[in-house]
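Chemist: Okay, handing you the structure first.
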Amino acid sequence: MQNKSTKVMTVFWFVFFSLAFLVIAGRFVYIQATGVVSGVSLQQLADEKRTNQYSIRAQRGTIFDRNGLPLAQEHMVYRLYAILRESYTTNPLDPKHVKDLEKTANQVAPLINMDPDDMLDILKEGKEKDRFQVEFGQAGKQISQEVKEEIEALSLPGINFTEEPIRFYPNGMFASHTLGLTDKEESDAGENIFGISGMENYMNDWLTGQDGSISYQRDKYNVKLLNPKEVIQEPDHGNDVYLTIDQKIQTLLEDSMSEVVSEYDPERITAVVMDAKTGEILALSNRPSFNPNQLSEVENWYNDVIATPFEPGSTMKIFTLAAAIEEGVWDPNETFEAGSYTANGKVRPINDHSGVPRETMTYLEGIQRSSNVGAAKLAYEKIEPNTFLDYLNHFDFDEKSGIDLPGEVAGRILYDYPIEQITTSFGQGTTVTPIQLVKAASAIANDGEMLQPYIIQQTTEHETGEVIESNSPEVVSQPISKETAQSALDILQTVITAEEGTGHNAYNLTDYTVSGKTGTAQIPDPETPGYMTGHENYIFSFLGMAPAENPELIMYVSVKQPDLNEEEYEPGSAPTSFIFKNVMENSLRYLSIEPDKEKAEPIKAVEIPSWNGKTADEYALQLQQKGLSPIVIGNGEKIERVSIEAGEAITPSQKLLILTDNPTMPDIKGWSLRDVLFLRDFLHLDVEWLGNGYVTDQSINPGDEIKEQDYIMIELSPPNTTEPTDESTDQEQGLENNT
């Protein structure tokens with residue numbers, strides 16, 4: 001029985017192991033034949049296990065000005081970190097961790113503007129807590145290439161860097177609201193930049209690229225194989241965007257606005273310059289603004305030119321005038337009674353500002369003096385309310401301008417009641433934005449054809465420069481005829497040229513004629529149902545076109561609540577006209593627009609000779625013989641430096657300064673503020689000033705010794721005592737008084 005049982009078990013186990021062998025062998029044969037286990041390819045799994053794969057971050061596109069100068073671009077900076085764990089070092093002769101904490105802190109901290117003790121505390125704390133590595137807060141971020149190289153030159157073990165992209169704005173506080181801001185988000189390739197405001201946000205899809213990748217096979221020691229089967233998918237970098245902004249004109253605008261902020265400390269400034277023939281925005285800015293490279297306590301995130309509607313004041317009379325001309329009801333010689341106007345017994349009266357005489361005057365004089373009554377009678381009695389509303393709609397005051405910028409907000413035509421229909425004619429009640437005003441003014445400047453304002457010139461492929469999309473001038477409508485537009489330009493020019501004009505002696509340019517209209521808009525009082533009172537509590541503005549007969553540029557500028565000189569009763573036009581004249585005159589010259597004012601024989605430029613080997617007197621005499629009027633600063637013989645480099649050419653009217661080795665204060669009475677600032681920068685003086693115009697007094701007497709950083713106070717006064725009438729000199733019974 002036992003033998004029989006043994007035989008049965010033997011057969012059983014033989015059969016069992018035979019079947020098991022066949023199953024396992026069959027499985028091996030199957031795997032060898034198919035290379036698949038549980039639906040997983042062994043070859044694919046092996047490839048994955050021994051393949052390294054990395055993402056390659058795509059670069060964000062660059063924003064350029066119209067001439068190809070970068071305004072916003074990606075910039076690589078570095079983040080500093082220190083490895084503390086000793087086990088990271090495998091070769092004692094080549095340490096990879098920080099060995100001497102104190103030495104490292106003392107040498108590295110000063111290079112990143114950090115206190116060495118603070119850095120040492122971070123290193124010690126990390127060491128005590130057995131951290132693998134530590135970073136150094138804000139001080140250790142956004143380190144430049146130059147600083148990185150300085151730190152690397154110290155050859156300190158354990159000090160390392162990681163790359164991080166940032167958005168860099170080369171011009172700092174320059175068209176900041178237009179360009180906008182970015183933020184970062186994590187991706188497989190690291191940190192990617194995306195736009196959150198302005199052009200960065202509006203064109204984010206165009207500027208953002210597609211990350212690439214790289215993969216290769218390696219051995220178990222992470223060493224690339226001899227035949228690594230490397231696959232590279234190149235990143236598709238973001239496209240580039242070209243704006244219509246001109247860096248030079250924008251810089252003129254930014255500098256002028258900054259000077260006004262420094263001198264007048266206004267609540268707000270907005271300004272925009274547009275090509276009158278194309279609708280291209282050449283410059284656009286606001287104050288307060290910000291430096292996108294160094295954000296701190298930003299006072300104003302809004303692009304006020306497009307996003308902050310306000311009651312425009314008398315600049316609206318441009319379109320009241322155009323509507324009257326187009327309707328055939330404009331008679332410049334017809335008269336009306338200025339001072340006060342009551343449409344009927346149910347409508348409260350509106351009043352003129354104090355600069356308008358309470359007397360009979362022509363409608364032409366009414367426009368020149370910016371009479372509210374004249375504008376009201378034109379709109380309410382001659383054009384009639386319904387027809388005037390049609391013109392407001394034709395000028396697109398009932399809708400957004402459509403400019404290619406995010407965040408635009410349209411103004412609102414307030415026109416439900418007779419008093420609103422009246423006050424709209426002179427810019428009260430109804431609200432608009434500066435971009436709406438400039439768009440409407442393009443019809444006046446461009447033979448009645450209203451242009452679409454735009455700020456994106458084109459988008460291009462980053463690698464090839466091939467144009468993907470481009471914008472071109474577009475006429476959106478023709479609210480008035482060519483003849484009406486020309487008549488309006490001629491009349492608006494007299495606002496500047498006529499002695500009674502509100503723009504006389506304020507907005508005249510040296511080489512070019514100007515057509516335009518001033519505005520002094522009231523500001524609603526947040527604490528009462530009416531408007532704020534006081535000499536400074538207005539929005540002073542100007543909408544101008546030049547050259548007057550055939551405008552090339554349109555510019556709007558407004559200054560809200562500037563700190564004016566109360567003692568001299570400084571006009572509200574002072575800060576506004578400073579910006580307009582400086583930007584408009586220099587922009588037209590820069591664009592090579594032919595001056596349209598008759599001028600004397602052109603002044604020839606003189607090339608500056610070298611002063612090497614000459615005394616101050618000898619060099620001054622040589623310059624005088626060339627027709628120049630050099631100013632020698634001091635009575636020393638030796639020349640320390642000259643304000644104009646040898647070889648440059650200047651006109652005889654330009655200031656040329658010669659600094660001697662014994663400097664004394666020159667007589668600067670009669671100098672313009674620009675000349676004084678030129679002297680300040682040349683001598684490195686500390687200058688403050690009161691007033692505007694030309695120097696009448698200086699705190700350091702002529703001939704007194706001076707040195708760098710000396711403080712000097714100057715007083716300035718206008719060139720003559722006849723100032724243009726301020727449109728906002730008084731308030732009458734709290735009634736509408738916008739001008």
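Chemist: How large is Rg/Rh for the stretch 641-687, to two decimals, with Cα atoms and a Kirkwood Rh?
Modeler: So for the stretch 641-687, dividing Rg by the Kirkwood Rh gives 0.94.
Chemist: Looking at the chain, send over the antiparallel percent of its DSSP beta bridges, to the nearest 5.
Modeler: 90
Chemist: For the stretch 258-345, take N as its residue count and report Rg(C-alpha) divided by 2.2 N^0.38 Å.
Modeler: Numbers: Rg = 19.7 Å, N = 88, 2.2 N^0.38 = 12.1 Å.
That ratio works out to 1.64.
Chemist: What residues qualify as long-range amide H neighbours of Gln133, i.e. H under 5 Å apart, gap of 5 or more or another chain, H built at 1.01 Å from N?
Modeler: Result for Gln133 returns Leu84.
Chemist: When averaged across all projection directions, what area in nm² does the alpha-carbon convex hull of the chain cover?
Modeler: Value for the chain: 55.3 nm².
Chemist: Starting from the coordinates of the alpha-carbon atoms of the stretch 378-423, obtain the Kirkwood hydrodynamic radius over all distinct pairs and give the value in Å to one decimal. List each step's numbers first, then the result.
Modeler: Details: mean 1/r = 0.0850 Å⁻¹.
11.8 Å is the Kirkwood radius here.
Chemist: Return the long-range amide H neighbours of Gln457 (sequence gap of 5 or more, or a different chain), with a cut-off of under 5 Å between placed amide H atoms.
Modeler: Close amide H contacts, sequence-distant or interchain: Tyr242, Leu243, Thr244.
Chemist: Further question: So for each of 446-455, 84-93 I average, over its residues, the number of other beta carbons within 10 Å; can you give me the resulting order with the highest mean first?
Modeler: Highest-to-lowest ranking by the protection proxy: 446-455, 84-93.
Chemist: If contacts are Cα pairs under 8 angstrom and at least 6 residues apart, what is the relative contact order of the chain in percent?
Modeler: Normalised by residue count, the contact order of the chain is 11 percent.
Chemist: Quick one: which of 541-547, 309-315 comes out on top by average Cβ neighbours within 10 Å, and what's the full order, highest first?
Modeler: Working: 541-547: 28.4, 309-315: 25.4.
Result, highest mean Cβ count within 10 Å first: 541-547, 309-315.
Chemist: Hey, another quick one. Helix-only estimate, please: 222 nm mean residue ellipticity of the chain, summing -39500 (n - 2.57) across DSSP H runs of length 4 or more and dividing by its residues, to the nearest 500.
Modeler: After summing the helix terms and dividing by the residues of the chain, the value is -8500 deg cm²/dmol.
Chemist: If you average the C-alpha positions of the stretch 666-691 and of the stretch 510-556 separately, how far apart do those two centres end up, in angstrom?
Modeler: The stretch 666-691 and the stretch 510-556 have Cα centres separated by 29 Å.
Chemist: With an 8 Å cut-off on Cα pairs and a minimum separation of 6 or more residues, tell me the relative contact order of the stretch 325-399 in percent. Display every interim value, and only then the final one.
Modeler: Values: 81 pairs, mean separation 21.5, N = 75.
So the answer I get is 29 percent.
Chemist: Then there is this: Normalized C-alpha radius of gyration of the stretch 335-385, against 2.2 N^0.38 Å?
Modeler: That ratio works out to 1.05.
Chemist: What number results when the radius of gyration of the stretch 468-579, computed over Cα atoms, is divided by 2.2 N^0.38 Å?
Modeler: After normalising by residue count via 2.2 N^0.38 Å, the value is 1.31.
Chemist: Quick one: Karplus J couplings for the stretch 663-672, per residue in order, coefficients 6.51, -1.76, 1.60, θ = phi - 60°, nearest Hz, x for Gly and Pro?
Modeler: Each residue's phi maps through the Karplus curve to give x, 9, 6, x, 7, 10, 4, x, 6, 7 Hz.
Chemist: Thinking of the stretch 53-122 as a set of Cα atoms, what percent of all their pairs are more than 17 Å apart?
Modeler: In whole percent, the long-distance tail amounts to 65.
Chemist: In straight Cα distance, which lysines are under 21 Å from Lys614, not counting same-chain residues fewer than 8 positions off?
Modeler: Reachable lysines: Lys626, Lys638, Lys655.
Chemist: Explain nothing, just the number: relative contact order of the stretch 423-475, from Cα pairs under 8 Å at least 6 residues apart, as a whole percent. Each step should come with its number before you reach the end.
Modeler: On the way: 46 pairs, mean separation 12.1, N = 53.
RCO, the stretch 423-475: 23 percent.
Chemist: Sticking with this structure for a sec: On the Cα set of the stretch 515-660, report Rg and Dmax in Å, please.
Modeler: Rg, Dmax (Cα atoms, Å): 22.9, 74.
Chemist: Give me Rg over Rh for the stretch 601-711, both radii from the alpha carbons and Rh done the Kirkwood way, two decimal places.
Modeler: Radius of gyration relative to Kirkwood radius: 0.97.
Chemist: Taking the radius of gyration and the Kirkwood hydrodynamic radius from Cα positions alone, what is the Rg/Rh ratio for the stretch 537-598, to two decimal places?
Modeler: 1.07
Chemist: Something else about it: Given the protein chains as shown and a 1.4 Å probe, how many square angstrom of Glu461 are accessible, to the nearest 10?
Modeler: 40
Chemist: Give me the aspartates and glutamates in straight-line cross-link reach of Lys103: C-alpha distance below 15 Å, same-chain residues under 8 apart excluded.
Modeler: Leaving aside aspartates and glutamates fewer than 8 places away in the same chain, those within reach of Lys103 are Asp115, Asp117, Asp118, Asp121, Glu152.
Chemist: How much area per residue is accessible in the chain when the probe is 1.4 Å and only protein heavy atoms are counted (Å²)?
Modeler: 49
Chemist: Right, next: How many nm separate the modelled label positions at Glu715 and His684, each set 7 Å beyond the Cα in the direction of the Cβ?
Modeler: 3.1
Chemist: Excluding Phe319 itself, what net charge comes from residues whose Cβ is under 14 Å from its Cβ, given Lys and Arg +1 and Asp and Glu -1?
Modeler: Combined, the nearby Lys, Arg, Asp and Glu give -2.
Chemist: Related question: How big is the Kirkwood radius of the stretch 395-480, worked out from every pair of different alpha carbons and given in Å to one decimal?
Modeler: 14.9
Chemist: Once the convex hull of the C-alpha atoms of the stretch 405-550 is built, how many Å³ does it hold per residue, rounded to a whole number? Before the final figure, lay out the partial values.
Modeler: Working: hull volume 29.1 nm³, N = 146.
Per-residue hull volume (Cα only) is 200 Å³.
Chemist: What does the highest-first list of 140-152, 528-540, 265-277 look like by mean Cβ count within 10 Å?
Modeler: Highest mean packing first, the order is 265-277, 528-540, 140-152.
Chemist: Determine the dipole magnitude for the chain: charges of +1 sit on the beta-carbon of Lys and Arg, -1 on that of Asp and Glu, nothing else is charged, the reference point is the Cα centre, and the result goes in debye to the nearest 20.
Modeler: 4280
Chemist: Taking the Cβ-Cβ separation of Thr342 and Asp490 as r and a Förster radius of 30 Å, what is the calculated FRET efficiency to the nearest 0.05?
Modeler: Taking R0 as 30 Å, the efficiency between Thr342 and Asp490 is 0.40.
Chemist: Can you list the residues, at least 5 places off or on another chain, whose amide H is less than 5 Å from the amide H of His353, using H built in the peptide plane?
Modeler: The answer is Asn372.
Chemist: Starting from the coordinates of the alpha-carbon atoms of the stretch 118-180, obtain the Kirkwood hydrodynamic radius over all distinct pairs and give the value in Å to one decimal.
Modeler: One over the average 1/r among Cα pairs gives 14.6 Å for the stretch 118-180.
Chemist: Looking at the P(r) of the stretch 490-551, how many percent of alpha-carbon pairs lie beyond 13 Å?
Modeler: Cα-Cα pairs of the stretch 490-551 separated by over 13 Å account for 64 percent.
Chemist: If you don't mind, there's one more thing I want to ask. At a 1.4 Å probe radius, carbon and sulfur cover how many percent of the accessible area of the stretch 245-336?
Modeler: Working: 1340 of 3220 Å².
Roughly 41 percent, rounded to a whole number.
The values are calculated or read from the model by the stated rules, or taken from the named source; none is laboratory data. These figures come from a predicted structure and were not determined experimentally. FYI the Cβ positions are ideal-geometry reconstructions off the backbone, even for glycines, and counts take in every protein chain you see. Ligands, DNA and RNA are excluded from the accessible area calculation, which covers all protein heavy atoms including side chains. Shrake-Rupley method; radii C 1.70, N 1.55, O 1.52, S 1.80 Å.
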